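Undergrad: Got a structure here, written out as structure tokens. Questions coming.
Every number here is computed from the coordinates shown, using simple stated rules; none is lab data. Owing to the predicted nature of the structure, the values given are computational and were not obtained by experimental measurement. Using ideal geometry, Cβ is built from the backbone for each residue, glycine included, and neighbour counts are taken over all protein chains shown.
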Amino acid sequence: MWSLEVINELNQQAARKARHQHKEPYVPTLDEIKEFPPFPFPHLGPFAPDGWEQTETVWFVDSSGWGRDDEPALSVRQFKNELRAYAEDHPGHGFGIVEAGQFQVYVAAFGPVPATAAAA
């Protein structure tokens, strides 16, 4: 199992890489969600790309593919259901991994920054 220090350093590295590579949250269609996994979300770490803001919606998800529905992290099936419901209510929102451990990830929803806020 990874220590918190290792997890934090890996997430900081992911943020630097995402910034350098100009990565943005992935905006799936509802049809694409049906076909997951694999999940195409970029690992953004604590980085929020220009034009995007992280929402308060974050999911704790099993990334091993072996997670069960009765475990603390959402299974693939549970996550797809939650993601589909969120995407239906928030078209245009994207998703990115904001923290990754050895067997679980936190996936956050990102919304476009409103034009008035972006211009300020």
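Undergrad: Work through the residues other than ARG68 whose Cβ is under 14 Å from its Cβ and net out their charges, Lys, Arg +1 and Asp, Glu -1.
TA: That sum, taken over residues with Cβ under 14 Å, equals -3.
Undergrad: Oh, and also: Give me LEU30, LEU74 sorted ascending by neighbouring Cβ count inside 10 Å, so fewest comes first.
TA: By the 10 Å Cβ count, ascending, the order reads LEU30, LEU74.
Undergrad: Pick out which of ASP62, ASP50, ASP89 has the largest mean-square fluctuation in a Gaussian network model of the chain, springs linking Cα atoms closer than 10 Å.
TA: Greatest mean-square fluctuation among the candidates belongs to ASP89.
Undergrad: What ³J(HN,Hα) values, in whole Hz, does the Karplus curve 6.51 cos²θ - 1.76 cosθ + 1.60 give for the stretch 70-82 when θ = phi - 60°, with x put for Gly and Pro?
TA: 9, 9, x, 7, 5, 6, 4, 4, 4, 5, 4, 5, 5
Undergrad: For ARG19, ARG77, what's the fewest-to-most ordering of other Cβ within 10 Å of each Cβ?
TA: Ascending Cβ contact count within 10 Å gives the list ARG77, ARG19.
Undergrad: Still on this model: In what sequence do ILE97, ILE7 fall when counting other Cβ within 10 Å, fewest first?
TA: Exposure proxy ranking, most exposed first: ILE7, ILE97.
Undergrad: Pull up all non-local amide H partners of TRP2: gap of 5 or more, or a different chain, and H-to-H distance under 5 Å with H placed in the peptide plane.
TA: Residues meeting the criterion, in which the H sits 1.01 Å from N, are GLN102.
Undergrad: While we're looking at this one, here's another question. Taking amide hydrogens as modeled 1.01 Å from N in the peptide plane, which residues meet the under 5 Å criterion relative to SER63, leaving out close sequence neighbours?
TA: Correct list: GLN104, VAL105.
Undergrad: Can you work out the Karplus-derived ³J(HN,Hα) for every residue in the stretch 52-58? Use 6.51 cos²θ - 1.76 cosθ + 1.60 with θ = phi - 60°, whole Hz, and x for glycine or proline.
TA: 10, 9, 6, 7, 7, 8, 9
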